[in-house]
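Shown next, in C-alpha coordinates, is the structure this report addresses.
The values are calculated or read from the model by the stated rules, or taken from the named source; none is laboratory data. These numbers were taken from a predicted model, which means no experiment stands behind them. Note that each Cβ is placed from the backbone with ideal geometry, even for glycine, and that neighbours are counted across all protein chains shown. Keep in mind that these areas ignore ligands, DNA and RNA; they rest on the heavy atoms of the full protein, side chains included. Shrake-Rupley method; radii C 1.70, N 1.55, O 1.52, S 1.80 Å.
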Amino acid sequence: MDSELRELYQQVILDHNKSPRNFRKLENSNFEAEGYNPLCGDRIDIFIQVENDIVKDISFQGSGCAISKASASLMTHMVKGKTRAEAEKLFAKFHDLITGKLGDKPSIEDLGKLAVFAGVKEFPARVKCASLAWHTMHSALEKEEKVISTE
Ligand code: ZN
(Lines give C-alpha, C1' and ligand atoms only; values in the text may rest on other atoms or scores of the structure.)
Protein backbone atom coordinates (compact mmCIF):
# COMPACT_ATOMS: atom_id res chain seq x y z
CA MET A 1 0.00 0.00 0.00
CA ASP A 2 1.55 3.31 -0.94
CA SER A 3 1.83 6.04 1.65
CA GLU A 4 -0.91 8.18 0.12
CA LEU A 5 -3.45 5.37 0.29
CA ARG A 6 -2.26 4.41 3.77
CA GLU A 7 -2.84 7.95 4.98
CA LEU A 8 -6.27 8.08 3.36
CA TYR A 9 -7.06 4.69 4.94
CA GLN A 10 -6.21 6.00 8.40
CA GLN A 11 -8.23 9.17 7.82
CA VAL A 12 -11.30 7.28 6.66
CA ILE A 13 -11.11 4.76 9.52
CA LEU A 14 -10.69 7.52 12.10
CA ASP A 15 -13.45 9.65 10.61
CA HIS A 16 -16.02 6.85 10.33
CA ASN A 17 -15.09 5.41 13.71
CA LYS A 18 -15.54 8.79 15.37
CA SER A 19 -18.71 9.76 13.52
CA PRO A 20 -20.25 6.60 12.08
CA ARG A 21 -22.91 7.20 9.42
CA ASN A 22 -26.35 5.61 9.84
CA PHE A 23 -25.53 4.46 13.38
CA ARG A 24 -29.03 3.95 14.77
CA LYS A 25 -31.86 1.47 14.89
CA LEU A 26 -34.20 1.60 11.93
CA GLU A 27 -37.81 1.61 13.10
CA ASN A 28 -39.41 0.29 9.90
CA SER A 29 -36.80 -2.14 8.64
CA ASN A 30 -38.06 -5.28 6.91
CA PHE A 31 -34.72 -7.07 6.91
CA GLU A 32 -32.47 -7.50 9.91
CA ALA A 33 -29.51 -9.61 10.86
CA GLU A 34 -27.00 -9.88 13.64
CA GLY A 35 -23.35 -10.52 12.95
CA TYR A 36 -20.52 -11.60 15.20
CA ASN A 37 -16.82 -11.92 14.63
CA PRO A 38 -15.49 -14.11 17.46
CA LEU A 39 -11.86 -13.52 16.49
CA CYS A 40 -12.06 -9.86 17.46
CA GLY A 41 -15.31 -9.65 19.41
CA ASP A 42 -17.05 -7.37 16.90
CA ARG A 43 -20.83 -7.42 17.11
CA ILE A 44 -23.16 -5.71 14.69
CA ASP A 45 -26.86 -5.43 13.99
CA ILE A 46 -27.93 -4.41 10.50
CA PHE A 47 -31.36 -2.95 9.73
CA ILE A 48 -32.53 -2.60 6.14
CA GLN A 49 -35.66 -1.13 4.66
CA VAL A 50 -36.23 -2.46 1.16
CA GLU A 51 -38.89 -0.96 -1.06
CA ASN A 52 -39.46 -2.01 -4.69
CA ASP A 53 -36.21 -3.96 -4.57
CA ILE A 54 -34.26 -0.81 -3.60
CA VAL A 55 -32.39 -0.41 -0.35
CA LYS A 56 -34.31 2.66 0.75
CA ASP A 57 -32.63 2.90 4.13
CA ILE A 58 -30.01 0.95 6.01
CA SER A 59 -28.49 1.39 9.43
CA PHE A 60 -26.39 -0.44 11.97
CA GLN A 61 -25.71 -0.70 15.67
CA GLY A 62 -23.16 -2.60 17.62
CA SER A 63 -19.75 -2.50 19.15
CA GLY A 64 -16.39 -3.52 17.88
CA CYS A 65 -13.00 -2.39 16.69
CA ALA A 66 -12.41 0.73 14.62
CA ILE A 67 -12.13 -1.24 11.38
CA SER A 68 -15.41 -3.09 11.83
CA LYS A 69 -17.23 0.10 12.75
CA ALA A 70 -15.72 2.19 9.94
CA SER A 71 -16.45 -0.58 7.45
CA ALA A 72 -20.07 -0.80 8.61
CA SER A 73 -20.44 2.96 8.35
CA LEU A 74 -19.05 3.02 4.81
CA MET A 75 -21.08 -0.03 3.81
CA THR A 76 -24.38 1.61 4.79
CA HIS A 77 -23.31 4.78 2.98
CA MET A 78 -22.45 2.89 -0.22
CA VAL A 79 -25.42 0.49 -0.26
CA LYS A 80 -28.19 3.01 0.39
CA GLY A 81 -30.17 3.70 -2.78
CA LYS A 82 -28.90 0.62 -4.59
CA THR A 83 -30.95 -2.35 -5.73
CA ARG A 84 -30.48 -5.59 -3.79
CA ALA A 85 -28.57 -7.06 -6.74
CA GLU A 86 -26.26 -4.03 -6.89
CA ALA A 87 -25.64 -4.28 -3.15
CA GLU A 88 -24.69 -7.95 -3.48
CA LYS A 89 -22.42 -7.15 -6.43
CA LEU A 90 -20.65 -4.47 -4.42
CA PHE A 91 -20.18 -6.94 -1.56
CA ALA A 92 -18.59 -9.45 -3.94
CA LYS A 93 -16.21 -6.82 -5.29
CA PHE A 94 -15.36 -5.52 -1.81
CA HIS A 95 -14.65 -9.07 -0.66
CA ASP A 96 -12.35 -9.62 -3.64
CA LEU A 97 -10.61 -6.35 -2.78
CA ILE A 98 -9.87 -7.16 0.86
CA THR A 99 -8.84 -10.74 0.13
CA GLY A 100 -6.43 -9.59 -2.57
CA LYS A 101 -8.30 -11.15 -5.49
CA LEU A 102 -8.40 -7.87 -7.40
CA GLY A 103 -4.60 -7.75 -7.48
CA ASP A 104 -2.33 -4.89 -6.59
CA LYS A 105 -3.96 -2.36 -8.85
CA PRO A 106 -7.70 -2.80 -8.31
CA SER A 107 -10.01 -0.78 -10.50
CA ILE A 108 -11.50 1.46 -7.89
CA GLU A 109 -13.95 3.64 -9.82
CA ASP A 110 -17.08 1.87 -8.62
CA LEU A 111 -15.65 1.09 -5.19
CA GLY A 112 -15.28 4.74 -4.24
CA LYS A 113 -13.98 5.19 -0.72
CA LEU A 114 -14.14 1.44 -0.15
CA ALA A 115 -10.82 1.31 -2.02
CA VAL A 116 -9.04 2.46 1.13
CA PHE A 117 -9.66 -1.02 2.56
CA ALA A 118 -7.32 -2.55 -0.05
CA GLY A 119 -4.55 -2.66 2.57
CA VAL A 120 -6.57 -4.98 4.79
CA LYS A 121 -5.50 -7.94 2.64
CA GLU A 122 -2.09 -7.75 4.29
CA PHE A 123 -3.73 -8.55 7.63
CA PRO A 124 -5.82 -11.74 7.34
CA ALA A 125 -7.30 -11.39 10.84
CA ARG A 126 -8.57 -7.94 9.92
CA VAL A 127 -10.36 -9.21 6.81
CA LYS A 128 -13.06 -10.57 9.12
CA CYS A 129 -13.40 -7.19 10.85
CA ALA A 130 -13.72 -5.36 7.54
CA SER A 131 -16.16 -7.84 6.01
CA LEU A 132 -18.43 -8.41 9.04
CA ALA A 133 -20.91 -5.65 8.17
CA TRP A 134 -21.08 -6.86 4.56
CA HIS A 135 -21.66 -10.49 5.53
CA THR A 136 -24.37 -9.32 7.91
CA MET A 137 -26.00 -7.14 5.23
CA HIS A 138 -25.98 -10.14 2.89
CA SER A 139 -27.46 -12.34 5.59
CA ALA A 140 -30.21 -9.79 6.27
CA LEU A 141 -31.18 -9.62 2.60
CA GLU A 142 -31.23 -13.42 2.43
CA LYS A 143 -33.52 -13.29 5.44
CA GLU A 144 -31.49 -15.79 7.35
CA GLU A 145 -32.89 -14.85 10.70
CA LYS A 146 -30.16 -16.12 12.94
CA VAL A 147 -26.84 -15.03 14.38
CA ILE A 148 -24.29 -15.33 11.63
CA SER A 149 -20.61 -15.71 12.10
CA THR A 150 -17.69 -15.01 9.78
CA GLU A 151 -16.17 -18.29 10.87
ZN1 ZN B 1 -12.50 -6.23 14.68
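Does Ser68 meet the test of being touching an Asp or Glu at 6+ places or on another chain (Cβ under 7 Å) and in a helix (DSSP H, G or I)?
Values: touching an Asp or Glu at 6+ places or on another chain (Cβ under 7 Å): yes; in a helix (DSSP H, G or I): yes.
Considered against the rule, which asks whether it is touching an Asp or Glu at 6+ places or on another chain (Cβ under 7 Å) and in a helix (DSSP H, G or I), Ser68 comes out as yes.
Give just the number: which of (1) within 16 Å of the ligand (Cβ to nearest atom); (2) open to solvent by 40 Å² or more (accessible area, probe 1.4 Å) does Asn37 not satisfy?
Unmet for Asn37, out of (1) within 16 Å of the ligand (Cβ to nearest atom); (2) open to solvent by 40 Å² or more (accessible area, probe 1.4 Å): (2).
Restricting attention to segment 121-138, report how many residues are open to solvent by 10 Å² or more (accessible area, probe 1.4 Å) and within 11 Å of the ligand (Cβ to nearest atom).
Of the residues in that region, 5 qualify.
Could you list, ordered by first residue, the pairs with Cβ atoms under 6 Å in which the first is in segment 85-105 and open to solvent by less than 30 Å² (accessible area, probe 1.4 Å) and the second is not in a helix (DSSP H, G or I) and not acidic (Asp, Glu), at least 6 apart or interchain?
Between residues of segment 85-105 that are open to solvent by less than 30 Å² (accessible area, probe 1.4 Å) and residues that are not in a helix (DSSP H, G or I) and not acidic (Asp, Glu), the close pairs are Ala87/Val55; Leu97/Pro106.
Considering (1) free of Cβ contacts under 8 Å to residues at least 40 places away in the same chain; (2) open to solvent by 50 Å² or more (accessible area, probe 1.4 Å), say which one Lys113 fails and leave the rest.
(1)
Restricting segment 52-63 to residues that are within 16 Å of the ligand (Cβ to nearest atom) and open to solvent by 40 Å² or more (accessible area, probe 1.4 Å), which is nearest to Gly41 (Cα to Cα)?
Step by step, filter segment 52-63, then rank; the result is Ser63.
Across segment 41-51, which residue is nearest to the ligand (Cβ to nearest atom) among those that are more than 12 Å from Ala140 (Cβ to Cβ) and surrounded by fewer than 23 Cβ atoms within 10 Å (Cβ to Cβ)?
Going through the qualifying residues, I end up with Gly41.
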